[in-house]
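> I have a structure I would like to understand better, so I am pasting it below and will then ask my questions one at a time.
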Amino acid sequence: FVSDIGQIQIVRNTVKENTLSDPALVPDADVEEYIINRGKGWVCEIENIIVGFSIVDLVDHNIWALFVHPDAEGKGIGKQLHELMMNWYFSQTDDTVWLGTSPGTKAETFYRKQGWKEVGVHGKGEIKFEMSKEEWVAQ
């Protein structure tokens with residue numbers, strides 16, 4: 001929901017890895033565009049406070065965001081958000097999905113454990129991962 005964007009931004013700007021050099025780089029309008037027009041988003045709430053979120057983009061076929069508040073890490077929230085997002089994505093398209101994340105991070109380890117395949121480099125030295133529908137369904 002658009003009404004969740006404020007809390008989504010709090011989570012995004014609280015993470016300790018894959019941080020934004022400037023929070024203004026991801027304005028609320030961009031988040032709204034991705035969850036309303038380009039794809040879909042999910043949130044996890046604990047006591048009505050968003051502690052994690054994921055957003056997938058059907059236009060560019062990528063995971064636009066998957067973040068969990070540092071205080072809520074290690075509870076399986078990221079894994080649940082990932083599963084919901086991936087199941088929905090592949091119910092919409094057969095196109096391979098990709099993402100980029102910084103090397104040497106918890107995110108890199110997380111995606112490897114979820115079966116993502118490293119395929120190269122993206123952006124400013126991020127690892128580019130891909131997942132095909134066949135790979136996802138086979139898990």
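The values are calculated or read from the model by the stated rules, or taken from the named source; none is laboratory data. On a predicted model such as this, the values are computed, not experimentally measured, just so you know. Note that we place each Cβ from the backbone using ideal geometry, even for glycine, and neighbour counts take in every protein chain shown. With ligands, DNA and RNA removed, areas are computed over all heavy atoms of the protein, side chains included. Shrake-Rupley method; radii C 1.70, N 1.55, O 1.52, S 1.80 Å.
> Residue under question is Ala72, and the condition is that it be among the small types (Gly, Ala, Ser), touching a strand residue (DSSP E or B) at 6+ places or on another chain (Cβ under 8 Å), at pLDDT 85 or above and surrounded by fewer than 20 Cβ atoms within 10 Å (Cβ to Cβ); does it hold?
Answer is yes for this residue.
> I'm checking my understanding of the structure. Among residues of segment 88-101 that are in contact (Cβ under 8 Å) with a residue 12 or more places away in the chain and part of a helix (DSSP H, G or I), which one is surrounded by the fewest Cβ atoms within 10 Å (Cβ to Cβ)?
The residue in question is Gln92.
> Out of Ile35, Ile77, which single residue is in contact with a helix residue (DSSP H, G or I) (Cβ under 8 Å, 6 or more places away or on another chain) and surrounded by 13 or more Cβ atoms within 10 Å (Cβ to Cβ)?
Going through Ile35, Ile77 in turn, the sole match is Ile35.
> Here's something else I'd like to know. Could we say that Glu83 is open to solvent by less than 40 Å² (accessible area, probe 1.4 Å), out of contact with any helix residue (DSSP H, G or I) (no Cβ under 9 Å at 6 or more places or on another chain), of a type in the set (D, E, K, R) and not in a loop (DSSP other than H, G, I, E, B) here?
When the stated conditions are applied, Glu83 does not pass them.
> Can you tell me which residues in segment 3-47 are modelled with pLDDT of 85 or more, outside any helix (DSSP H, G or I), closer than 24 Å to Leu58 by Cβ and of a type outside the set (Gly, Ala, Ser)?
Passing the criteria: Lys40, Trp42, Val43, Cys44.
> Moving to a separate point now. In segment 58-73, which residues are touching a residue at least 40 places away in the same chain (Cβ under 8 Å) and in a loop (DSSP other than H, G, I, E, B)?
If the condition is that a residue be touching a residue at least 40 places away in the same chain (Cβ under 8 Å) and in a loop (DSSP other than H, G, I, E, B), then His69 is the only one that fits.
> Given the conditions (1) under 22 Å from Ile5 (Cβ atoms); (2) surrounded by 13 or more Cβ atoms within 10 Å (Cβ to Cβ); (3) not charged (D, E, K, R), report the number of the one that Gly115 does not fulfil.
(1)
> Hey, another quick one. Cβ-Cβ distance below 9 Å, separation of 6 or more or different chains: which pairs start in segment 102-122 with a residue that is assigned to a helix (DSSP H, G or I) and end on one that is open to solvent by less than 80 Å² (accessible area, probe 1.4 Å) and of a type in the set (S, T, N, Q)?
Ala107/Asn18; Ala107/Thr101; Glu108/Thr101; Glu108/Ser102; Phe110/Thr101; Tyr111/Thr101
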